Every structure is written in C-alpha cells, then in structure tokens.
Amino acid sequence: MRAAEELSSFREAVPGCRVATFADLSSGLVLYTSSHTRLPQERLDALCAKARAMLVTGVPSGVAAALGSGVGSAVVPDDQSLLVFVRSAADPNEAILCDCTFETDVNAVIAGAAAALAAIETPD
Amino acid sequence: MSEDRRLRDKLARLASGDDAVVDGARRLFARPGEDLVAAILVEIDETILARRLTFRTEDGRHLTAEVANRRLLRLTDLPAGIGDPALSEPLGPESDPVLPSIIAALRTFAAGEEAISVETGPLPQRGQPDVLGRSAAALAAAAGIALYAASPAPDASDMPAGFAGDVSRIALAVRTFGPSSVPPFGPDADRLAALDDSEIADLARRARPGGDPAGAFLALAATGEDASVLFVGFESAGASVAALIPAREIGKTISLWRATRARE
C-alpha cells in the first residue's frame, strides 16, 4: 500500500489538489486514487483518457522541436478543474494524474508528483 | 533605453505580481536569457530617494547597495570571497576602471540563483557618502546589458495585442496562428518555427475533444527539471497563441490567460 500512502501524502501536501491518481497509461487503468470523496469510475476513466491524449499519443514534430525533448507533464483545463498530468521519469507508462482548482500552485503539483512517483518506484 | 519602455516593464511586473512584498522583501527574477545582474541594475535605476538596497540569496548571503537618484553610491556588506574591499569605496565620476569589477562581483553574488530578494531601507543623510555615484545606465554599459531594450518582446508598435503581447514579457518565444498570424519572436523564436497550423489543430482536439476549443489551453512541459513549457491558448475563430515559457512561469501564464479571457 506504499503507493497509496505516497499518493495521499502528496495530495494532502498541495492545497487545491482535489484528486490524485496513479495510473498505468499503457493500459489506461487507474491503479490508486486519493481524493476527499469517492469518484465515479467514469470520471477516473475520462481523466486517464485525457492524460493518454496529452502524454502518450504521438507528439507533433513541431512540439518536440519546441521542447527539445518528449513531453514530461501536461496541464489542461476541464470544466471546473485544472488537470495536471506528470509522467514518471523511470517508467513513462506510469503517471500521476491530478484534478486541481484553478488557484492551485501548478509548479508545486508537478514537483510534488514527480517526487511521489520517484518514491513509489524506489525499491524498499 | 526609453522611459516608455521602463514604465511598461514596471507596469508588467506590477500586473504579474512579481513586485509583491513578502516579509518586507521582494523577489527578483532574471529575464529570459539574462542573468540577475540586469534585475539588480533595474532596482538601482528605479530608486530615486536615498535608499539602502539589501540583496539576499536563498542561502542567506547578502550585499547592500547604497543608492540615490538612480545611481549606485557604493556597495557595502560584500560577502566573503566576492571582490576585494576596494569595491566598497564610494563611486565618483573617475570610477570607470572599477565598474567591471563591480559587475563581476554582482555576477559572482547572483551566480546560480534563480531569484534573489531585495529589501529596501532608508539611507540616512549622515550615512551617505559625499559622492555623485554612478548611474545604473553606466553600470549596465559596463556589464554589456541593455537595461530595458533587451526584453524579448518587440517594441510597442510591433507587439501583438492581448494575451500574446502580455505573455511575451515572460516568454522565450511567442507565435500566433490564424487570421492575424504573427511569426515567432523572442530570444528563442527559432524553437517555434516548426510548429504549423495542422499541429495546432491537433493540439486543440486533444485539449477539447469533439468540442469548440475556444477558451481552452494546454501546457506541455519537456522532461527534466526546469525545462521549457509550450503553452498553447485557443482563442476564437481559429486563432491561437503558442508561447514557449520557462517552467517556473507556468502558473503565471495560466493566470494571464484566464485574466485575458475574462476581460474579453
């Protein structure tokens, strides 16, 4: 359950981060979720689908040229949320997907998610 | 350098919140492609009353500049290992030979820092050296820095209106697509050269699948720490703005986009 604990610690440390999930982008499955309230599966599936569109679907060559590398994280608004997706440096198929308020410190989310991913993927 | 440019830069910083005072200090950031010495010199240039400006790094090192009439009177409290004590001598008109050493000391002080803080306090009359000091412009010339003209944005007459113009003040490169497209501009303009309309349309579909992308945006960050971020905002009628920004500016860019949309 270490992954679940790391995920919760990360989410609780970032004000405005309402939902944090640990997902396998290759299969489109959410493996762990941390949130105040129980979320319908459709919501989690939609979050994962959007993250796949941002992080997995081929990066246009002009985008790759601009960034000078692949896409490591993405931020996109939803109806009432700011969605932040952060890919694992160790395994690009794994990512933390967050649903945040628009006032959330995006840099704190990205840095916190990267640290949580590293902690989750570090062997005991 | 023009007073117009100086005022516009100051207004942009005020609007962005960069000039917010926290615990008595403000944070100074380097402009894209420049070091923090330019920010220090701008502080001197914006100080008219006699003041003691204390610049402080994250790890607590600090140095103090005694300033009046937009001129540096002298540096004091130089951290150990930076320059020699002669740098703390009051500056007069004959001080040209020492200016490069002062700039070198400032560069050493700010090297490796993402931001520094500045606290401002009064400089009592009795504490002021009886010297004319040297202007920020003279120091900038010694540093090879254009205090205001080196902003990545084009001059006002060329600057696109709205979000593109606003974000250009913090961006490495900006480009607009659609009916009134503007070619890439900014210090890293070439990095946006390969983006084309079809790729922007592709990104719009990803940001808002099956719907009108107007008002939506997305920000894609490169892998690695402190990497660049490509921000694309989708306006109406197929118009879009792409901006390449430093990673630390992502929150500010999103706020800027939302504020611009709220105004329109």
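Just to be sure before I move on: is B:Ala201 within 12 Å of B:Val232 (Cβ to Cβ) and either touching a Phe, Trp or Tyr at 6+ places or on another chain (Cβ under 8 Å) or of a type in the set (Lys, Arg) (or both) in the structure I sent? The answer is no for B:Ala201. For the range B:234-264, what are the residues that are within 13 Å of chain A (Cβ to nearest Cβ), among the β-branched types (Val, Ile, Thr) and closer than 18 Å to B:Leu195 by Cβ? Across the range B:234-264, the qualifying residues are B:Ile245, B:Thr253. For A:Leu97, the criteria (1) of a type outside the set (Gly, Ala, Ser); (2) more than 10 Å from chain B (Cβ to nearest Cβ); (3) in a helix (DSSP H, G or I) hold in every case but one, which is (3). Checking each residue in the range B:246-256 for being touching a residue at least 40 places away in the same chain (Cβ under 8 Å), surrounded by fewer than 23 Cβ atoms within 10 Å (Cβ to Cβ) and either in contact with a strand residue (DSSP E or B) (Cβ under 6 Å, 6 or more places away or on another chain) or aliphatic (A, V, I, L, M) (or both) picks out only B:Leu256.
Here's the yes/no breakdown for (1) within 27 Å of the chain's Cα centre (by Cα); (2) in a loop (DSSP other than H, G, I, E, B):
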| position | (1), (2) |
| --- | --- |
| B:Arg169 | yes, yes |
| B:Val174 | yes, no |
| B:Arg191 | yes, no |
| B:Ala201 | no, no |
| B:Phe231 | yes, no |
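A search for C-beta distances below 7 Å between a residue of the range B:80-98 that is exposed (fewer than 14 other Cβ atoms within 10 Å of the Cβ) and any residue that is of a type in the set (Phe, Trp, Tyr), counting only pairs 6+ apart in sequence or on different chains, returns nothing. Residues in the range B:176-191 that are of a type in the set (Ser, Thr, Tyr) and either closer than 21 Å to B:Ile250 by Cβ or within 10 Å of another protein chain (Cβ to nearest Cβ) (or both): B:Thr176 alone.
Just one residue in the set A:Ala108, A:Ala116 is under 15 Å from the mean Cα position of the chain (by Cα), more than 13 Å from chain B (Cβ to nearest Cβ) and assigned to a helix (DSSP H, G or I); that residue is A:Ala116. Within the set B:Ala219, B:Ala164, B:Ala207, B:Ala156, the sole residue that is over 30 Å from B:Glu66 (Cα atoms) and at pLDDT 90 or above turns out to be B:Ala219. Of the helices (runs of 4 or more DSSP H) lying entirely inside the range A:1-79, those carrying at least 3 residues that are surrounded by 14 or more Cβ atoms within 10 Å (Cβ to Cβ) and away from chain B (no Cβ under 14 Å) are A:2-13. Residues of the range B:192-207 that are loosely packed, with under 15 Cβ neighbours inside 10 Å and within 7 Å of chain A (Cβ to nearest Cβ): B:Asp196 alone. Scanning the range B:209-264 for residues that are hydrophobic (A, V, I, L, M, F, W, C) and at positive phi turns up just one, B:Ala237.
The values are calculated or read from the model by the stated rules, or taken from the named source; none is laboratory data. A quick note: this is a predicted structure, and the numbers were derived from the prediction, not measured. Virtual Cβ from ideal backbone geometry, glycine too; neighbours counted across all protein chains shown.
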